[in-house]
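Below you'll find the structure, written out as structure tokens, and then a few comments.
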Amino acid sequence: MNTIIDTPDSPLDRARGNCSSPLELDIDTLHQYLPVVRCKLAAGEYVYRMGQPFRALYLVHAGSLKSCELAEDGREQVTSFRIRGDLIGVESIGLSHCACDAIALEHCEIWELPYPPVIAACLQLPALQARLTASLAEEIRRHRSWMLALGTLNAEQRVAAFLLDMARDHARLGFSDCHFVLRMGRNDMASFLGIQHETVTRALSRLQELGYIAIQRREVRLLDGEALRFLACGERMRRPMAGAERAPRIKSMGHGRATSSLRRPAARGDTAYEAA
């Protein structure tokens, strides 16, 4: 992991100008109140490991990551996926050590905010206080939502719910919610959803046969968002259509702009996962 320690007089920081971060704060504003360490990671590098001393929160400025928990007997499970604008490490607040692993899925840039100095900074920086509070609340909501999904949905429904969740994340960043590239592999999806790798592959193939999605490797098009939502709620809208009858159309998910089948998805280097 390459780190760059930014100080108020950092030439590199001055060269960034007034570029706004997902916190709606530029890095100049942040390090007026606390030291900020900018870290760049390659795919597969760790931000932190479970059990190491808890000393910082991290703002994802570009790229995407996953969080994993490891049981004492060696069992491992992916517990979340993080993208630009997310604050990671909040699950360890109140502990002396990190509660899980955080691993880059691609080239990433994160901003390290030392803890507990970040708490003191929140007293003087309301936007930071609001972001930290929102991250804690979101952590609880997501956990409860996925606990319900994993406890009540079958494999096909879980995959549909996962794709809808990814669509919402892209819409939150201002990109198409109907055409995107998955940053994680099938194994990570399977671990997160509590099913086998082969089951994920079969479920994706089945959704494609039904005409709900089109998928090629990690590139996904949601052809019928309404049908996916019904499926994720336990109801199938229609029977499989013959290939000739399947219209190559994309219905808007209602979160972002509708897109044609020719729209290029957010890919590595695009601003969906890169800093604006």
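Every read-out reported here was derived from the displayed coordinates using simple, explicitly stated rules and does not represent laboratory data. A quick note: this is a predicted structure, and the numbers were derived from the prediction, not measured. We place every Cβ from the backbone using ideal geometry, glycine too, and count neighbours over all the protein chains shown.
Here are the numbers:
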item: Shape call, the stretch 153-245: gyration tensor on alpha carbons, a/c limit 1.5; result: rounded
item: Neighbourhood charge, 12 Å Cβ-Cβ cut-off, centred on Cys98 and excluding it, Lys, Arg +1 and Asp, Glu -1; result: -1
item: Approximate spin-label separation Ala130-Arg55, in nm, with each point projected 7 Å along Cα-to-Cβ; result: 3.2 nm
item: Other-chain or far-sequence residues with amide H under 5 Å of Leu113's (modelled H); result: Leu57, Tyr58, Leu59
item: Neighbour-count ranking [beta-carbon atoms within 10 angstrom, fewest first] of Met50, Met189, Met184, Met147; result: Met147, Met50, Met184, Met189
item: Net charge of neighbours whose Cβ lies under 14 Å from the Cβ of Val47, counting Lys and Arg as +1 and Asp and Glu as -1; result: -1
item: Highest to lowest packing among 218-228, 115-125, scored as the average C-beta count within 10 Å; result: 218-228, 115-125
item: Contact order normalised by residue count of the stretch 147-220, Cα under 8 Å, 6+ apart, percent; result: 33 percent
